[in-house]
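Reviewing the structure listed below.
The values are calculated or read from the model by the stated rules, or taken from the named source; none is laboratory data. From a predicted model like this one, the values you see are computed outputs, not experimental measurements. All Cβ positions, even for glycine, are placed from backbone atoms using ideal geometry, and neighbour counts span all protein chains on display. The area values use the complete protein model at the heavy-atom level, side chains included, leaving out ligands, DNA and RNA. Shrake-Rupley method; radii C 1.70, N 1.55, O 1.52, S 1.80 Å.
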Amino acid sequence: MSLKNKYNLLYFLFCLVGCCIGGFVAVFLQYKGVSNTQIGLVTGIGCVSSVALAPWFSSLLSKIEWLSPHKLLYIIYGFIAVAFPIIAYTNLSPVAVMVIYIVMYSLYVCSNSFVVIIASGYTLKGADINFGLARGLGSTSWAITSLFGGSIIEMTDARILAVGFVIFTLMMFALMFTMPEVKMRAAKGEKSGSVGHIIKTYRSYFLVLLGFAICTMASTMLGTYLPNIVRSLGGNTSTFGVAAFASAFSELPVMAMAAKWMKKYDSMKLFTIGGIGYICRTFIVCFAPNIPVLVVGMLFQSISYGLITAVVTYYVMYNLAPQDQVMGQSMIGMMTSGIGATLGNVVGGVLQDTFGLGAMYAASCTLIVIGAVVIASARFAQKKA
């Protein structure tokens, strides 16, 4: 199997694993007796922790000779593969479950950048890696897991997620053993980029990330608590799986084409289109009168999250200096899965428990417009730079 196909399969398996811990977080924690507000705290604190962990891990990759993204993934997912079954199959208190899940979730959130860094390393060495296609296949695997996972949970219970996590992790490790490791360190005499350096040097890039973070906050409110939205429209866990499937599967064609579109169109235009897609997705989901309309709204995940995620990853590969690659890729997760998702999870949970779904919908619609405007403004910052 070629390295390109191995990387495609790696991302496919990586997202199978990720869906087990991140795709059904509300379903699992509710099964363990955790409330909506507490779920928001778990995912929120986990995401905040990832903001600190991501740059720390990135600095380790640049400084420690023997350390590689492969080895970090072995360590992180090895730990989670042990912890997840423990909280699933033992009678721990909800507080204990929350504490352990926070650690697991924070490690999971910051790990995505390491898989992306592997692609960057291969690309810089001249390998033919289509990250957009790989990321799209990852979305497909997430979609498949969401579709069948919901039905399986209905037939069994939420603890089955821990079993799936362990199985898929072992499959991912087996594949990684056959792939060459990459090292992403600054050249002698050059310092690897810091967060402040990235913000100061790449202003338009930071504005895109800022707007993306705001959009992530708005979309996370809807994504994390999608099971509640589905139930409010008369659906169940299986229906949630269908909605999540439609959302994730729609990303594949857009992500696969992202590399070609970047050669034909200005990246800032593509970012702006992604912001408009976010607005469409959010408003349709929030005002959906039934499940079919909700699914239509979820399909806009393709030209919102799907488009921006692929384009911003390529933007880092092609526009940031080699010594800034690791931190540049890490900041995508820090700003979105870290800061944006943190605020979305916490605010979404509090608004639901205090005022109901309507308040969460209003906040999400407001934030998504602000985020889209910030993303569009990056184009003007680029012209001034």
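The C-beta contact set for segment 136-155 (first residue β-branched (V, I, T), second residue in a helix (DSSP H, G or I) and surrounded by 23 or more Cβ atoms within 10 Å (Cβ to Cβ), distance under 6 angstrom, 6+ apart or interchain) comprises T145/L16; T145/C19.
Being modelled with pLDDT of 85 or more and farther than 21 Å from M104 by Cβ is a property that M172 lacks. For the subset of segment 306-340 comprising residues that are in contact (Cβ under 8 Å) with a residue 60 or more places away in the chain and of a type in the set (F, W, Y), which member is nearest to A376 (Cα to Cα)? Selected residue: Y315.
The helices (runs of 4 or more DSSP H) falling completely within segment 295-385 that include 1 or more residues that are β-branched (V, I, T), within 14 Å of the chain's Cα centre (by Cα) and modelled with pLDDT of 90 or more map to 307-319. Could you list, in sequence order, the residues of segment 190-247 that are farther than 29 Å from M317 by Cβ and hydroxyl-bearing (S, T, Y)? T224, Y225, S232, T237, S238, T239, listed by residue number.
Taking every residue in segment 16-35 that is within 21 Å of D353 (Cα to Cα) and pairing it with any residue that is of a type in the set (G, A, S) and outside any helix (DSSP H, G or I), at least 6 positions away or on another chain, the pairs with Cβ-Cβ distances below 6 Å are V27/A158; F28/A158; Y31/A158.
Okay, residues lined up against (1) at pLDDT below 85; (2) in contact with a Ser or Thr (Cβ under 6 Å, 6 or more places away or on another chain); (3) open to solvent by less than 10 Å² (accessible area, probe 1.4 Å); (4) over 20 Å from P69 (Cβ atoms):
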site	(1), (2), (3), (4)
G121	yes, no, yes, no
D128	yes, no, no, no
G132	yes, no, yes, no
S139	yes, no, yes, yes
T145	yes, no, no, yes
G150	yes, yes, yes, yes
A158	no, no, yes, yes
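Going by what's in this entry, would T178 be described as modelled with pLDDT of 90 or more and not in a helix (DSSP H, G or I)? Answer is yes for this residue. Residues of segment 215-271 being charged (D, E, K, R), more than 15 Å from the chain's Cα centre (by Cα), at pLDDT below 90 and part of a helix (DSSP H, G or I), which ones? R231, K260, K263, K264 - these are the residues of segment 215-271 that are charged (D, E, K, R), more than 15 Å from the chain's Cα centre (by Cα), at pLDDT below 90 and part of a helix (DSSP H, G or I).
Note on segment 79-93: residues that are surrounded by 14 or more Cβ atoms within 10 Å (Cβ to Cβ) and assigned to a helix (DSSP H, G or I) amount to 7.
The residue that is modelled with the highest pLDDT, counting only those in segment 182-202 that are surrounded by fewer than 17 Cβ atoms within 10 Å (Cβ to Cβ) and among the hydroxyl-bearing types (S, T, Y), is T201. Looking only at segment 80-100, decide whether some residue is modelled with pLDDT under 85 and either touching a helix residue (DSSP H, G or I) at 6+ places or on another chain (Cβ under 9 Å) or under 26 Å from V242 (Cβ atoms) (or both). Among the residues of segment 80-100, not one is modelled with pLDDT under 85 and either touching a helix residue (DSSP H, G or I) at 6+ places or on another chain (Cβ under 9 Å) or under 26 Å from V242 (Cβ atoms) (or both), which makes the answer no.
Screening F249 on (1) among the aromatic types (F, W, Y); (2) under 28 Å from V25 (Cα atoms); (3) surrounded by fewer than 21 Cβ atoms within 10 Å (Cβ to Cβ) shows it passes everything except condition (3).
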